[in-house]
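*Asks:* One structure, as structure tokens, below. Some questions next.
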Amino acid sequence: MGGVKNRNKVKLPVPKAKQKKAVDKWQKDKGKGAVGPKKQGKLMPTAADPDSKAPSRRPIVFVSPKPADEPSSDEGDVSEEEQDEPEESVPSKLPVLEPVPTDVPDPQLEPNKIKLLKPLIGYFYNGDQMSLKLSFEQAGLLLKPDYDEKTRVFRFRVEMREICRAEGEKNEAHTIAREKLVQIVRYYCYCVKRVKEYHTRRKIFYTRPPKMAVQAQKDQKKIPEQNVGFQMLQKQGWNPGSALGMSMEGILEPIVAKKRKEKSGLGVEDAVAPDGTEEKVKIPIEAFYLLLKQYAGVNALYDIVFSSQFSKHQVAKLKSFAMSLKLLPQMIGTNKKKLVVSRPLTIKEIKEGVMKGHSDLCAKYVVIPPAAGIPEEDKMLA
């Protein structure tokens, strides 16, 4: 048949014998039910055949979120941070809790008061000084001191329930009652202790050294070719870059006059004043705005420390911009205070981060378990 290339030609129907064989084969495969993977792929998927959709469901199961009790449940929240911090977490083998304190006596509180203090987490901000106000506020508990002038009794009430008391003068009784309350918190509650004022991976300076300052200084010392002395030396056989003299043992660079410090005479060490060409380059403050914006956009838990090179006016601008990004700026230091910008975290978030082994939080805080013992639910998680 020579008309195969004619597209308008009608295609002949399939012979009846071939059609019958195809129908018999289809009925035979349908009767068997389970077929090989290659033959099953050629069939149309049906609702009664769940295996036909199994390959498409596997990726969904793989990317589904993990349960909250698994240690890797927060990987999605710190994916951006991992790009800047290769060492994000401490291995689980390292201890994340301090030993259970043994120097705290049992206050022997009633069970209903112990249950009331369960959400409380104590916060030590400077050595052994506990911030009771911050601890109770973040736990959602109302702490109210009360002193009766007639009975000379000082009480600490939590949600209108008396927790501890002391007798005596107001200041003396307040000190004793406060010590008792701190012991109660240490015995029944977790405590977070700050061991460092800040922990940073990035220390920011206002100025930086110039990139080509040394090379520019060398270029300025070179004598140009248009100089009369340069041309005279060339006529006498001197080549640029070579030393002077018959035996080529002279100087390579011309003698340059150097400015001396004030009234320092000859022979004084470090009498030469620094060259003005090595002045540092100042960075515009807009660059630090961009830095703070990038820091606020990632889940970074380290602090950003600005050096003391910044003026008061610049520090005020940086603090205002950091507060607009919902960051926490603080002035830390004794003689020369530095601006430290950190992410505001609650005591509960710090405690959970340290117990999970986050390296940045573990470098700045420690978690002290209750003196009464670690609760059973925390033992199960460990």
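The values are calculated or read from the model by the stated rules, or taken from the named source; none is laboratory data. Quick caveat: nothing in here was measured; it's all calculated off a predicted structure. Heads up, the Cβs are rebuilt from the backbone with ideal geometry, glycines too, and the neighbour counts pull from every protein chain shown. Ligands, DNA and RNA are stripped out before the accessible areas are found, and what is left, the full protein with its side chains, is counted by its heavy atoms. Shrake-Rupley method; radii C 1.70, N 1.55, O 1.52, S 1.80 Å.
*Asks:* How much of the accessible area of the range 285-344, in percent, comes from carbon and sulfur atoms when a 1.4 Å probe is used?
*Replies:* 55 percent
*Asks:* So how much slack lies between K25 and V153, counting 0.36 nm per residue of separation and subtracting their Cα-Cα distance, in nm?
*Replies:* Residue separation times 0.36 nm, minus the Cα-Cα distance, leaves 36.3 nm.
*Asks:* Which entries of K118/K319; K282/K317; K113/K133; K144/K193; K203/K317; K133/K170 have Cα-Cα distances beyond 26 Å here? It would help to have the intermediate numbers written out before the result.
*Replies:* On the way: K118/K319 36 Å; K282/K317 17 Å; K113/K133 18 Å; K144/K193 24 Å; K203/K317 18 Å; K133/K170 19 Å.
Exceeds cut-off: K118/K319.
*Asks:* Sort E253, E162 by heavy-atom solvent-accessible area, probe 1.4 angstrom, most to least.
*Replies:* So, going from the largest accessible area down, we get E253, E162.
*Asks:* Here's a follow-up. Could I have the simple spin-label model distance between M160 and A287, label points 7 Å from Cα toward Cβ, reported in nm to one decimal?
*Replies:* 6.0 nm
*Asks:* Keeping every protein chain present and rolling a 1.4 Å probe, give me the accessible area per residue for the range 285-344 in Å².
*Replies:* 54 Å²
*Asks:* What is the percent of Cα-Cα separations in the range 285-344 that go past 14 Å?
*Replies:* Tail of the P(r) past 14 Å holds 50 percent of the pairs.
*Asks:* Report, in whole Å, the centroid distance computed from the Cα atoms of the range 171-186 and the range 106-157.
*Replies:* So the two Cα centres are separated by 8 Å.
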